[in-house]
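The values are calculated or read from the model by the stated rules, or taken from the named source; none is laboratory data. All figures in this text were calculated on a predicted structure; none of them were measured in a lab. For neighbour counting, all protein chains shown are included, and Cβ atoms are generated from backbone atoms with ideal geometry for every residue, glycine included. Protein only, heavy atoms only, side chains kept; ligands, DNA and RNA dropped before computing areas. Shrake-Rupley method; radii C 1.70, N 1.55, O 1.52, S 1.80 Å.
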Amino acid sequence: MPVIELPERADVVIIGGGIEGCSIAYHLAKRGVTNVVVLERKQLTCGTTWHAAGLVSQLWPTPTLTALAKYSHELYASLEQETGQATGYRKIGSISLARTGERLEELKRTSSIAAVFGVESEFIDNARLEALYPGINTEGVIGAMYIENDGQTNPIDTTMALAKGARNRGVTIIEECKVTEIVGEDGVAVGVKTALGEIKADKIVLAAGLWSRDLAAPLGVDLPLYACEHFYVVTDEMPDLTNRPVLRDFDKGIYFKEDVGKMLVGWFEMDAIGCPMSKIANDFCFDQFEVDMDHIEPYLMGGMETFPEFGEAGIRTFFNGPESFTNDNLHLMGPTPEIDNFYVACGLNSKGIGAGGGLGKIMADWMIDGYPSGDIWECDVRRSHPVQRTQSYVEARIPEALGHAYDMHWPFYQYHTARDLMLSPLHQTLKDQGACFGEVGGYERANWFARGDAEAKYIYSYRKQNWFQFYAEEHLAVRESLGLFDMSSFAKFEVSGPDAESALQYISAANMKVDTGKVVYTQWLDDRGGINADLSIVKIEDDRFWVVTSIGSFNRDWWHLKKHLRGDVTLTDISQQYACLSLQGPNARNTLAKIVDTDMSAHGFAFGLGRFVSLAGIKVWMQRLSYAGELGWEIFIPADQAVAVFGTIQQAGVEFEIRNAGLHALNSLRLEKGFRHWGHDIGAEDNMIEAGLGFVAKTEVGDFIGREAFIQQKESGLPDRRLVQFLLDDPEPLLYHNEPIIMDGEAVGYLTSGMYAHSLGSAIGMGYINRPDLTAEKISDAHIEIEIARERFSTRASFQAFYDPKGERMKM
């Protein structure tokens, strides 16, 4: 074997020679970054790429995944002509079966949002199904979706084509070169150590699949990644399979794919088998495991029921190999916050081939431009709370997540494993009072409260779920009298020190030079003016501030602070030190006036101010703020005193029929008021002008990150897209998110949030209309509809909130 000489340095080192690593290298080179080295521990594709099924579906449950898959489809169709390397790519179409009305609705909802991205699909009857897929057993099938332009490809050949395209542009690919360590110095990734020597690099990309978690851990980067065993079988040759569409029988968890005259049948089982790295040999290369026949038998039998000819064919291959999955079935992409110049691209959840082309492009753009070329927050590596990245968590949660891949993607779905890891000090109290909990960021939050003999348990549906009436009553209690929310899940960071104010002013778009006690609503921008955070900051003392944000943004916002704070400041996570209660409704003042030692009048305790008070003898911080759009206060309580304060407030509110309220009610309340939710309605790909938040920024107070971009956006006039509120005319349909917005017959966007507006009598949503120079008059003159499961419903549209648009109720 010839001696391999490693280059001393590279602009980019990519660890991993599967489809992701080769796609990133290809796209970097295509943009002119050619001093790139790809290091593969054994041979290209030998980890998991080689045994992938090679499905290139364009239809995925979310807009982000759909966009990635659509680009991959377009790329793979042209690679062979560009590189001369055969890929095996063919447009053969796909069929997805529905055996229940709920599954059919889910397919129709997915079809609707995919159409926004130019992915065409149609629904076919069983006669057409039998013509497209001869031999299928249609018993129990009530509908099917057909995508004519879906494809399949050969994973090894497609990877080799990407590698050839990269090499042709100057990329170096080195096989049999195992990376043993990623070298970090002073918080910056600077190179890698390998069995053949060391390479310095300006940027490092970890695309090592199964091995990524272990390689990243020594740097303090804990990736929520875990391997599971993944199975399929390949039959002997069968007649008349050529150009047969990919078939997915979601309700059985099975897929069928023609494979060079043979049939490949695979599945995503509900009781997946986790695979610790200790089971994977050090020299793992094109390897596989023994097959547990008892484990796979139900799926084999299900396959025979769906396609009886499969049961008559001989089985040539029983395959079992490891694949890496994440805790939420979404990819891990982007720069890690813990160490600079270090990127990850892994956790593809058996979607690596379908997403590989699009993922490679976005990652290359991100490294070159500093920002991704699309909205990928749901796949951003920064999304997971530290508790979701522990070994015990990933081992418990991820096998369940694998099974969820083909399961129903219910609205408000809650996983069962790895629960009760972070609890509110009020958790048991709320549980005793009927709370049904949901997990966000590893934290258990009360989503709704069961009443009477009802069980505090979700029964899922795309229609009104079993808790709909309970949460409607909670919502209306807040509007009409009084509701009490446990908001202890808030992430709470204390910024203190002589330079605290100036440091926060540099990060925040709003004016932070305020009096003690002032609560400031602000955004944190990036250099493009993109919204990186949406939160509140309160000045507790002259040199002491509390930053309060959502639990889902904990990790991202914590690291944003750490990276951008300047001067003599101290940053402390105080999230677990304080519980938080939010008392909202017209009778909030009357209730609190009984139990606090401060002036609660409108003049004595104005909106947007806070102070320490004694509540039944306990020192708490109270601030007048509302995410529900009503008169209300947030109360921050020492954690060990939370139960006592909760009981005191409940007792004081008895005469006003105080009601426990959950996060579902808060979501519908805030939507009626048009309040944005970061990660849904606003994110890094949106700016403040588009989002209708331009009033927040105060450019006259001094410099802040994104100031120049914001000024330019503001001076450019009306943007090409604007965030709009929608209220359906029909009171029956339900909105969740991702429903297309139709304006004068044309799809112009999709909803970013949706819920039922109990105060207004129909479903409400929010989303961006992608039309230049959009005005209130143009919206009024247009015919606007929302598409739900391929059916369109007329809607009112407004830039202003439909409920109390002037915000008078909060300030009364």
*asked:* Can you find, within region 495-517, the residue that is nearest to residue 547 (Cα to Cα) among those that are in contact (Cβ under 8 Å) with a residue 40 or more places away in the chain and charged (D, E, K, R)?
replied: 501
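Can you confirm whether residue 4 is open to solvent by 50 Å² or more (accessible area, probe 1.4 Å), touching a residue at least 40 places away in the same chain (Cβ under 8 Å) and not hydroxyl-bearing (Ser, Thr, Tyr)? First the steps, then the outcome.
Values: open to solvent by 50 Å² or more (accessible area, probe 1.4 Å): yes; touching a residue at least 40 places away in the same chain (Cβ under 8 Å): yes; not hydroxyl-bearing (Ser, Thr, Tyr): yes.
Yes.
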_Suppose we filter region 462-487 for residues that are in a loop (DSSP other than H, G, I, E, B) and within 26 Å of residue 655 (Cβ to Cβ); how many remain?_
3
_Exclusive hit being in a loop (DSSP other than H, G, I, E, B), of a type in the set (Gly, Ala, Ser) and within 30 Å of residue 45 (Cβ to Cβ), set 77, 67, 114, 86_ = 86
*Count - residues of region 680-706 that are charged (D, E, K, R) and within 12 Å of residue 531 (Cα to Cα)*: 4
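State yes or no: is residue 420 within 30 Å of residue 527 (Cβ to Cβ), out of contact with any Cys (no Cβ under 8 Å at 6 or more places or on another chain) and either part of a loop (DSSP other than H, G, I, E, B) or among the basic types (Lys, Arg) (or both)?
On the way: within 30 Å of residue 527 (Cβ to Cβ): no; out of contact with any Cys (no Cβ under 8 Å at 6 or more places or on another chain): yes; either part of a loop (DSSP other than H, G, I, E, B) or among the basic types (Lys, Arg) (or both): yes.
The answer is no for residue 420.
Looking at residue 493, is it farther than 29 Å from residue 804 by Cα, of a type in the set (Phe, Trp, Tyr), modelled with pLDDT of 95 or more and open to solvent by less than 10 Å² (accessible area, probe 1.4 Å)?
On the way: farther than 29 Å from residue 804 by Cα: yes; of a type in the set (Phe, Trp, Tyr): yes; modelled with pLDDT of 95 or more: yes; open to solvent by less than 10 Å² (accessible area, probe 1.4 Å): yes.
Criteria met by residue 493.
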*Which one of these is at pLDDT 95 or above, under 30 Å from residue 735 (Cα atoms) and in contact with a helix residue (DSSP H, G or I) (Cβ under 8 Å, 6 or more places away or on another chain): 97, 104?*
97
*Quick one: residue 766 ticks every box in (1) closer than 22 Å to residue 106 by Cα; (2) in a strand (DSSP E or B); (3) open to solvent by 30 Å² or more (accessible area, probe 1.4 Å) except a single one, so which number is it?*
(3)
*Mind checking whether some residue in region 232-239 is in a strand (DSSP E or B), of a type in the set (Ser, Thr, Tyr), open to solvent by 20 Å² or more (accessible area, probe 1.4 Å) and on the phi < 0 side of the Ramachandran plot?*
yes
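Restricting the search to region 239-255, which residues are at pLDDT 95 or above and either touching a Gly at 6+ places or on another chain (Cβ under 7 Å) or within 29 Å of residue 394 (Cα to Cα) (or both)? Full working, then the answer.
We begin by selecting, within region 239-255, every residue at pLDDT 95 or above; these are 245-255.
Once the filter is applied, which keeps residues that are at pLDDT 95 or above and either touching a Gly at 6+ places or on another chain (Cβ under 7 Å) or within 29 Å of residue 394 (Cα to Cα) (or both), region 239-255 yields 245, 248, 249, 250, 251, 252, 253, 254, 255.
Being assigned to a strand (DSSP E or B) and open to solvent by less than 40 Å² (accessible area, probe 1.4 Å) is the filter here, so list the residues in region 546-570 that pass it.
To start, the set of residues in region 546-570 that are assigned to a strand (DSSP E or B) comprises 546-549, 570.
546, 547, 548, 549 - these are the residues of region 546-570 that are assigned to a strand (DSSP E or B) and open to solvent by less than 40 Å² (accessible area, probe 1.4 Å).
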*Among the candidates 601, 582, 575, single out the residue that is closer than 22 Å to residue 387 by Cβ and among the hydroxyl-bearing types (Ser, Thr, Tyr).*
575
*Taking region 144-188 on its own, how many of its residues are open to solvent by less than 40 Å² (accessible area, probe 1.4 Å) and within 23 Å of residue 259 (Cβ to Cβ)?*
14
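Pick from region 71-129 the residues that are basic (Lys, Arg) and over 18 Å from residue 149 (Cβ atoms): which of them is surrounded by the most Cβ atoms within 10 Å (Cβ to Cβ)? Working first, answer last.
Our first condition is that a residue be basic (Lys, Arg); within region 71-129, this holds for 90-91, 99, 103, 108-109, 128.
Filter once more, keeping what is over 18 Å from residue 149 (Cβ atoms): 99, 103, 108-109.
Working: 99: 17, 103: 18, 108: 20, 109: 22.
The extreme case among them is 109.
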*Could you list, in sequence order, all residues of region 713-754 that are of a type in the set (Asp, Glu), in contact (Cβ under 8 Å) with a residue 12 or more places away in the chain and within 27 Å of residue 525 (Cβ to Cβ)?*
720
*Can you tell me which residues in region 648-691 are closer than 22 Å to residue 716 by Cβ and assigned to a loop (DSSP other than H, G, I, E, B)?*
676, 681, 683, 684, 685, 686, 688, 689, 690, 691
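Give region 263-277 a look and list any residue that's of a type in the set (D, E, K, R) and surrounded by fewer than 18 Cβ atoms within 10 Å (Cβ to Cβ), or say none.
Keep residues of region 263-277 that are of a type in the set (D, E, K, R), which gives 269, 271.
Passing the criteria: only 271.
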